[in-house]
Amino acid sequence: MGAKQRERIVRYRQLSFIRQGGRCYYCNRRMWERSAEHRLDAMRRLGLTRTELKFRLCTAEHLQRKADQGTNARKNIVAACFDCNQSRGETCPTVHKANRYLPEPVQDDPEIKQIFTRLKNMGPRTAPAIELYAKAKFLRTAQLARELGMEVAL
Ligand SMILES: [Zn+2]
């Protein structure tokens, strides 16, 4: 693979990282992006030890595996933690996600917290609730991108 291809994959990995709110496509845990933050900052932000951090490194994951003729096209690349990337093997992405997915509590941002408190008192499938949820999701992503000094390309 040439340098140009590698650069493109890194760019797609970064875009996926931002679009996924810094979370792994499979397990939903928070990852760190080595092009945007220092290892020590990531340890602090995620509250992880040096060893744990290694498993939460953001990697470019090919949904259709390279071994199965998957390409480096944008739509074939998502951001996955090193742990999920390594453990996938020949498993199909949907099954791997179902096996790995972990719901995680919301970050402590006061504005996001407030939204979720309001959401608790609303019918879950009402239009205002769906709109509020989308706002919380956007805020969380924008907050993370800001923390990392990355441009938001949603
Ligand atoms: Zn993962």
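The values are calculated or read from the model by the stated rules, or taken from the named source; none is laboratory data. These figures come from a predicted structure and were not determined experimentally. Positions of Cβ are generated from backbone atoms using ideal geometry, with glycine treated the same way; all protein chains shown enter the neighbour counts.
Descriptive notes on the structure:
- Test: residue in the range 56-63 that is within 14 Å of the ligand (Cβ to nearest atom) and among the polar types (S, T, N, Q): yes
- Any chance Glu7 is touching a Gly at 6+ places or on another chain (Cβ under 8 Å) and of a type in the set (Asp, Glu): no
- Top-ranked residue of the range 64-81 - restricted to ones that are crowded, with 17+ Cβ neighbours inside 10 Å and of a type outside the set (Gly, Ala, Ser), ranked as nearest to Ser16 (Cα to Cα): Val78
- Taking the criterion of being touching a helix residue (DSSP H, G or I) at 6+ places or on another chain (Cβ under 6 Å), in a loop (DSSP other than H, G, I, E, B) and within 14 Å of the ligand (Cβ to nearest atom), the residues of the range 27-38 that qualify are Cys27, Glu33.
- Of the listed requirements (1) in contact with a Leu (Cβ under 6 Å, 6 or more places away or on another chain); (2) away from the ligand (no atom under 16 Å from the Cβ); (3) without any contact (Cβ under 8 Å) to a residue 60 or more places away in the chain, Lys66 misses just one: (1).
- Test for Ala80: is it in contact with a Phe, Trp or Tyr (Cβ under 7 Å, 6 or more places away or on another chain), near the ligand (Cβ under 10 Å from one of its atoms) and at negative phi: yes
- Of all residues assigned to the range 3-19, none qualifies as being in a loop (DSSP other than H, G, I, E, B) and not hydroxyl-bearing (Ser, Thr, Tyr).
- Residue in the range 3-26 that is closer than 19 Å to Gln143 by Cα, away from the ligand (no atom under 13 Å from the Cβ) and without any contact (Cβ under 8 Å) to a residue 12 or more places away in the chain present: no
One line per residue, one yes/no per condition, for (1) among the aliphatic types (A, V, I, L, M); (2) in the same structural domain as Gln14 (by TED's automatic domain parsing); (3) without any contact (Cβ under 8 Å) to a residue 40 or more places away in the chain:
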residue: Thr51; (1), (2), (3): no, yes, yes
residue: His62; (1), (2), (3): no, yes, yes
residue: Val78; (1), (2), (3): yes, yes, no
residue: Phe82; (1), (2), (3): no, yes, yes
residue: Lys120; (1), (2), (3): no, no, yes
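- Meets criteria (under 20 Å from Arg100 (Cα atoms) and β-branched (Val, Ile, Thr)) for Thr49: no
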